[in-house]
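Shown next, in C-alpha cells, is the structure this report addresses.
The values are calculated or read from the model by the stated rules, or taken from the named source; none is laboratory data. None of the values given here were measured: they were computed from a predicted structure. Ideal geometry is used to build each Cβ from the backbone, glycine not excepted, and the neighbour counts take in all protein chains shown.
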Amino acid sequence: MPPDSVPPDPVPPERISKVLAAAGVASRRGADELVAAGRVTVDGRTAALGERVDPALQRVEVDGRPIAAPAGAPVYLALHKPAGVTSTVRDRHAERTVVELVPPDLSRGARLYPVGRLDQDSEGLILLTNDGDWAERVLHPRFGVEREYAVALAWPLTREQAQALETGVELAEGTATVTGLRGQTHTEDRRLADILDPEPDPRLTWVRVTIHQGWKRQLRRMFGEVGAPARRLVRVRIGTVRLETMAAGDVRALLPAEVRRLGGPGPR
C-alpha cells in the first residue's frame, strides 16, 4: 500500500448465526439453537443470541473447536521464534521455517508470512499475517513501531561502548542508533530464563535496547562494531505486543485491540 493511502474500512461485523452458517456449521436456525444451548463462544466467552461478530478478528468456536475462516479472512499471530528457525515462508536450505510452527487451527488455511525478520540465530517475538496493508504499517519507519531486544554479552558494556551505541554506529546503510539502552532487571532475567530454550548461561550479562530502524542484522553488527559481540539476541517487544510468558515455539492469535494498536483500524 502506498504510504499516503488511507487503509480500507474494516468489514462490518455480522450476526453470529450468519457467520456460523457461512462457515458451514449449521443453518442459521440451527446456528441460533447452538448459541442458545451455550455451545458457541466468542473470544472465550459464551456467545449471545443475535450478537454481531467479526470472525477475521475474533475467535469463534463451537464445542471448543474454531470455525473455518472465510476465504481471504485476515489472520494476525504472534510467535516466539526459537534459534535455528528461519523467518521466511519457505527456504529449501532451512530445516524449519516460522510458518511451519503455526498449528492449523490458528493459520485457518491462510497463506501466512512473517512481518519483518529475525535472523536465524536470533530468538523471540515475530508477527505473522496474510494482511499486506497491516504488515506495511507495522514495518514502515514513518509509523514508528518500536522493537525492543534483550542482548546477551560476555561482559558488561563499558561507558565508552554504551555511549557509542547511543550516539550512533556507522553501517553501510547509514548511522544506526538505539534508544533506551539499560541493564536488564533481575525480574527480567528470571522471565527470560523461564521461556528460553536452552536456558541462558548465567555468566552472560544482559542489556535491553530499543530500535526504530530495521536493517539486516542491525543489532549484531552494531554491538560487534563497538567490540561487544552479541552472544544471544531475543526480541521481546514489537510496539505494544510483548513476548511475556510465551515459551520458545509458542504461537497465539493477536487480540483485536493489539491488531488495532499495532498497524490497523481493527474492530470498532
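Below are the figures for this structure:
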read-out	value
Strands (runs of 3 or more DSSP E) contained in the range 52-150 and holding at least 3 residues touching a residue at least 60 places away in the same chain (Cβ under 8 Å)	76-81, 123-129
Flag for residue 19 being modelled with pLDDT of 75 or more, part of a helix (DSSP H, G or I) and under 30 Å from residue 137 (Cα atoms)	yes
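Yes/no matrix, rows are residues, columns are (1) in contact with a helix residue (DSSP H, G or I) (Cβ under 7 Å, 6 or more places away or on another chain); (2) buried (at least 16 other Cβ atoms within 10 Å of the Cβ); (3) in contact (Cβ under 8 Å) with a residue 40 or more places away in the chain:
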position	(1), (2), (3)
193	no, no, no
197	no, no, yes
212	yes, no, yes
220	no, yes, yes
231	no, yes, yes
247	yes, no, yes
